Amino acid sequence: MADVLAELAAQLRVDSIRATTAAGSGHPSSSMSAADIVAVLFQKYLRFDFQHPRAPDNDRFVLSKGHACPVLYAAFKAAGAIDDAELLSLRQFGSRLEGHPNPHVLPLVDVATGSLGQGLAIGVGMALASRLDQRRSRIYVMMGDSETAEGSVWEAFDKASHYRLDHLCALIDMNRLGQTGETELGWNGEAYVARARAFGWHALAVDGHDLNAIDRALAEAVATTGKPTCLVFKTEKGHGYSLIANKGGWHGKALSEDQARDAIRELGGERHVRIEVKKPEASRPEAQPTAAPLKLPRYTPDEKVATRKVYGDALRALSDAHPDVVALDAEVSNSTFSEELREAHPQRYFEMYIAEQNMVATGVGMAVLGKRVFVSTFAAFLTRAYDQIRMAAVSNATLHLCGSHAGVSIGEDGPSQMGLEDLAMMRAVCDSTVLYPSDANQTARLMAHLVDRPGVSYLRTTRAKTPVLYAASEEFPIGGCKVLRRSDRDVATVVAAGITLHEALDAHARLQDQGISVRVIDLYSVKPVDAKTLRQAARETQGRLVVVEDHWAEGGLVDAVLEAFTDGAEPLPTVKRLAVRKMPGSGKPEELLNAAGIDAQHIVQAVLAMKDTSVPTGAPEAPRKRPPGKPAH
């Protein structure tokens, strides 16, 4: 067996070189350091059915150091999952073998990796999902030593220990050399081991080029119970080719054709080793709870209800109807109200504590194994997990995010707690859905849509209790909006969502008292946006739009509205932008809405100014005047 493993490891190195040299780019040296580990893992320990890569009993392998994907693709070739021609298509346009693993095109991998520091948290999510489903799967995550400088890695170490995930194994390829020089800890394997043990893991330092030592370490990981295992493998970058082995300056550099020939010769030439990766044994989990009919919460017109509370009420109803619904929260479940699911189905609620990056990536790991994942925290704190959200989209994951406490309307807590960038952030995510409900029944209905909607979605909820505007039977299709006030005499259209919709309705009533009619649109679907209704409103209200939002002026509702007119099919309307433009402070919600210029009073003023000013359609908004003595910024 040792000879077979040695031949396989040499083949993985050779094929990593061949593929990257053919591409003219890539990471052969980082692949070569990991080849012995991958050889032993795939030949002896991994249980995986390549014909059915989504089989629930498969072990999972996450290559967190995604730049080393040539060694993974070489292992796929050795297992017969791809052929040599495809291996040599690495990094070419249209190839499934991209420069970092991507499940959009390659179903043999579960998640996209390469944004370092996320793989272990994804592994935590996979381990939680497999345990919840009572599967025997083991989860292996190969990490680079450089990425352990990321704080998100240690968030994942902490949560894996907290949940006693003994079927999770972290494999650290400690090859000492990063992109620009030596890593923080170099070859100090005992430092890595000490840190892992401090987080409650079983940990070992191992010679990463000793096939027998690797074998023994993986066997020990399998035998360990009650805690996860971290194996720290001391390796050489570029191991096997003397020109580059343990030499700096070779990160991300493919060998020339002459160098590749020399390297392959030094490694003993090309090989054609085929391995039979063992298939998993089918587990027999206990029967899952049966789904109940969906009974969404219903609210009456005499109520005032915060949409954040409805998120929790609807989440509980969805979890009753869908046994695969799970919730993750960052220790604010009594504010986001995800605690409603925890009370009903505690085994499907996962407390991630104040570790938002880990929370989102853990959600991705659960989602790709089939869970309907809802993740919640304050909108402001999702910003620190934006890279994980972005990578969820690259991973083709379905992930439902809820950000509560959005905007200045949260009041006294001040700007550190106010989500004011979240709409812009989430609109920028590939193929995302962004919703901003203003009413309790609307929130519940939108949650029912989201549970079946693929991709990354975001629901923005409000802290304050607001009046119920819609009947429980009303429908709210994603991509639509609601015209709440309308007449043939409307002089302008006011577009709002969430908290500012209630201000817009107040403004409408005040204007009516002056004999002035305006149209009011509830833009609950921010992405996709209802371009047809917005265009019609602009045509019928003299091309005048007032857009009001509890968000910074950049990237939110106004930009979503303007995109409805950017194809040139309609004249660009005159748009008055009412948004948060200066740093807010603490105060009563009504004081802060007024100070930001986004309350009913300012909407009335904006409409009157537009009504009394003849501005040609398409003209830019007039510049704001500064108070005397106030400096320009």
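The values are calculated or read from the model by the stated rules, or taken from the named source; none is laboratory data. None of these values were measured; they are calculated from a predicted model. Cβ: placed from backbone, ideal geometry, glycine included. Neighbour counts: every protein chain shown.
Every test in (1) more than 22 Å from A464 (Cα to Cα); (2) crowded, with 24+ Cβ neighbours inside 10 Å; (3) more than 18 Å from the chain's Cα centre (by Cα) is passed by R342 save one, and that test is (2).
Being of a type outside the set (V, I, T), assigned to a helix (DSSP H, G or I) and touching a helix residue (DSSP H, G or I) at 6+ places or on another chain (Cβ under 9 Å) is the requirement here; does L97 meet it? Taking the combined requirement at face value, the residue does not satisfy it.
Within the stretch 426-458, if we keep just the residues that are in a helix (DSSP H, G or I) and touching a Ser or Thr at 6+ places or on another chain (Cβ under 6 Å), the residue that is farthest from Y470 (Cα to Cα) turns out to be M426.
Which of the following residues is in contact with a helix residue (DSSP H, G or I) (Cβ under 8 Å, 6 or more places away or on another chain) and closer than 29 Å to R96 by Cβ: A127, A160?
Working: A160 fails: closer than 29 Å to R96 by Cβ.
Being in contact with a helix residue (DSSP H, G or I) (Cβ under 8 Å, 6 or more places away or on another chain) and closer than 29 Å to R96 by Cβ holds for just one of A127, A160, which is A127.
The condition (being within 27 Å of V153 (Cβ to Cβ), crowded, with 24+ Cβ neighbours inside 10 Å and of a type in the set (K, R)) is satisfied by just one residue among R60, R47: R60. Residues in the stretch 206-229 that are closer than 19 Å to E190 by Cβ and among the small types (G, A, S) were compared, and the one that is surrounded by the fewest Cβ atoms within 10 Å (Cβ to Cβ) is A213. In the stretch 21-40, the qualifying residues are those that are polar (S, T, N, Q) and surrounded by fewer than 24 Cβ atoms within 10 Å (Cβ to Cβ), and the one that is farthest from E86 (Cα to Cα) is S25. Of all residue pairs spaced 6 or more apart or on separate chains, none has beta-carbon atoms under 8 Å together with a first member in the stretch 330-347 that is not assigned by TED's automatic domain parsing to the domain that holds F381 and a second member that is outside any helix (DSSP H, G or I) and surrounded by fewer than 21 Cβ atoms within 10 Å (Cβ to Cβ).
Inclusion of D313 among residues that are buried (at least 17 other Cβ atoms within 10 Å of the Cβ), more than 22 Å from Y470 (Cα to Cα) and not hydroxyl-bearing (S, T, Y) is not warranted.
Residue by residue through the stretch 575-605, note down the ones that are under 15 Å from E554 (Cα atoms) and hydrophobic (A, V, I, L, M, F, W, C). Explain how you work it out, then say what you get.
Residues of the stretch 575-605 under 15 Å from E554 (Cα atoms): 575-583, 596, 598.
Within the stretch 575-605, V575, L578, A579, V580, M583, A596, I598 meet the criteria.
Applying the condition of being of a type in the set (D, E, K, R) and over 25 Å from the mean Cα position of the chain (by Cα) to the stretch 58-90 and asking which residue is farthest from G125 (Cα to Cα) yields D84. A single member of L572, L608 is modelled with pLDDT of 95 or more and among the hydrophobic types (A, V, I, L, M, F, W, C), and it is L608.
Looking only at residues in the stretch 1-24 that are part of a helix (DSSP H, G or I) and among the small types (G, A, S), which one is farthest from Q259 (Cα to Cα)? It comes out as A2. When the stretch 7-58 is filtered for residues that are of a type in the set (A, V, I, L, M, F, W, C) and farther than 30 Å from R136 by Cβ, the ones remaining, listed by number, are A10, V14, I17, A19, A22, A23, M32. If the condition is being surrounded by fewer than 24 Cβ atoms within 10 Å (Cβ to Cβ) and either in contact (Cβ under 8 Å) with a residue 40 or more places away in the chain or assigned to a loop (DSSP other than H, G, I, E, B) (or both), then the stretch 531-543 contributes T533, E540, T541, Q542, G543.
Taking the criterion of being in contact with a Pro (Cβ under 8 Å, 6 or more places away or on another chain) and within 14 Å of L578 (Cβ to Cβ), no residue of the stretch 503-525 qualifies.
Scan the stretch 544-559 for residues that are surrounded by fewer than 23 Cβ atoms within 10 Å (Cβ to Cβ) and either small (G, A, S) or part of a loop (DSSP other than H, G, I, E, B) (or both) and the total you get is 3.
Any residue in the stretch 65-77 that is buried (at least 23 other Cβ atoms within 10 Å of the Cβ), in contact (Cβ under 8 Å) with a residue 40 or more places away in the chain and not in a helix (DSSP H, G or I)? Yes, the stretch 65-77 contains at least one residue that is buried (at least 23 other Cβ atoms within 10 Å of the Cβ), in contact (Cβ under 8 Å) with a residue 40 or more places away in the chain and not in a helix (DSSP H, G or I). Is it the case that the stretch 509-518 has a residue that's under 18 Å from A600 (Cβ atoms), among the hydroxyl-bearing types (S, T, Y) and not in a helix (DSSP H, G or I)? Yes, the stretch 509-518 contains at least one residue that is under 18 Å from A600 (Cβ atoms), among the hydroxyl-bearing types (S, T, Y) and not in a helix (DSSP H, G or I). Considering G117, G144, G151, the condition of being at pLDDT 95 or above and at positive phi is satisfied by G117 alone.
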